[in-house]
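The values are calculated or read from the model by the stated rules, or taken from the named source; none is laboratory data. In this text, all values refer to a predicted model and were calculated from it rather than measured experimentally. Using ideal geometry, Cβ is built from the backbone for each residue, glycine included, and neighbour counts are taken over all protein chains shown.
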Amino acid sequence: MVWGADPAELLEKALTAKQALVPRIKDYLGQEDIRYYRTPANGRRKQTGWATYDVFVVDKARVYRLVASNGKPVKPSKANAKPRQGEADRIAFQVEDLRQNHTLAIRGEATILGRRCWVLEGSLDPAAPDVAGRSRGMASSDATLWIDQETHWILKEEARLRRRWLSFPEGSVVTHEVVFHDGLPLNGRIHLQRTTAADDEDRRVLLETEQTYSRYRRFGADSAIEFNPVQ
C-alpha cells in the first residue's frame, strides 16, 4: 500500500468499481437463508426463527418462494403462504453516505478471501444531522470498508450506529460480506445485531438477524442487498 494515499479518492474508486459491477452481477440470484437469534443477558443464544427462500424471476421481478421453515421443507401448496416483506419494510446501509459528514482514514491492510485489501474507516461527524430514511443507515454510523487493492471491489462492510436510527439503538452493528461466484463478488452474508433497551443491563437482550446467500445461478433480473429488520 502507498501510505499517505487520499482516503476520499480511495472511496470514490470503490464506488466507481461498485457501479461498474452492477451490469455484471445483476442477473445472479439464488437461495436466501434468514435466521433470527435472541441472547438474554447472562443467558444462552437461542435461534427463534429460520426461513429459507428460493428466488425466481417472474415478469422481470424477483419472487421469493418459501422452501423451508425452521429447517423443515414446506409443501409446494404452502410455498407462498409466507411472502417476503414489502419494499417499505426494507432497510439498507449505503456506503455512498460516507461521502458526507464522515472523516475518512486509511487504517492499514488486511486479507479478505485471499485478497489484499485496504482498510478504510469513516467516522461520523458528531454534528451531522439526523437522517431517518430506511436506506440511510450509514448516515448515522461509523463504518469500516475492506477494499480490494487490485479491483477496488468492497469485499466487506461494517456499520456501527453512533445514534439511534429507526428502531435500531446506538451500538447496533451491521456487517456485509461477499462470496465469489464466477469470479464476481456477490452477496454472501449479512449480519445485523442490536440490543433491546432496558435500564437494567441484566434485562437487555441481544437480537440478531443473519442472512446467507448460496446456490447462485444466473437470472434475467436485478439483484439487491436486502435486510429483514429484527422485530
- Residues of region 1-32 satisfying the condition of being modelled with pLDDT of 95 or more and of a type outside the set (A, V, I, L, M): 7, 9, 12, 13, 16, 18, 19
- Conditions (1) of a type in the set (A, V, I, L, M); (2) touching a helix residue (DSSP H, G or I) at 6+ places or on another chain (Cβ under 7 Å); (3) under 21 Å from residue 19 (Cα atoms); number of the one not met by residue 190: (2)
- Message: Any residue at all in region 156-174 that's under 11 Å from the mean Cα position of the chain (by Cα) and farther than 23 Å from residue 124 by Cα?
- Response: no
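Taking the residues in region 84-104 that are under 19 Å from residue 191 (Cβ atoms) and among the aliphatic types (A, V, I, L, M) as candidates, determine which candidate is modelled with the lowest pLDDT. Explain how you work it out, then say what you get.
Initially, region 84-104 is screened for residues under 19 Å from residue 191 (Cβ atoms), giving 84-85, 89-95.
Subset that is among the aliphatic types (A, V, I, L, M): 91-92, 95.
Numbers: 91: 86, 92: 90, 95: 96.
Here the residue is 91.
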- Query: What is the residue count in region 111-130 for residues that are in a strand (DSSP E or B) and surrounded by 15 or more Cβ atoms within 10 Å (Cβ to Cβ)?
  - Reply: 10
- Message: I'd like to know if region 135-145 contains one or more residues that are aliphatic (A, V, I, L, M) and either outside any strand (DSSP E or B) or more than 25 Å from residue 21 (Cα to Cα) (or both).
- Response: yes
- Item | Residue in region 12-46 that is nearest to residue 64 (Cα to Cα), counting only those that are surrounded by fewer than 16 Cβ atoms within 10 Å (Cβ to Cβ) and in contact with a Lys or Arg (Cβ under 6 Å, 6 or more places away or on another chain) | 27
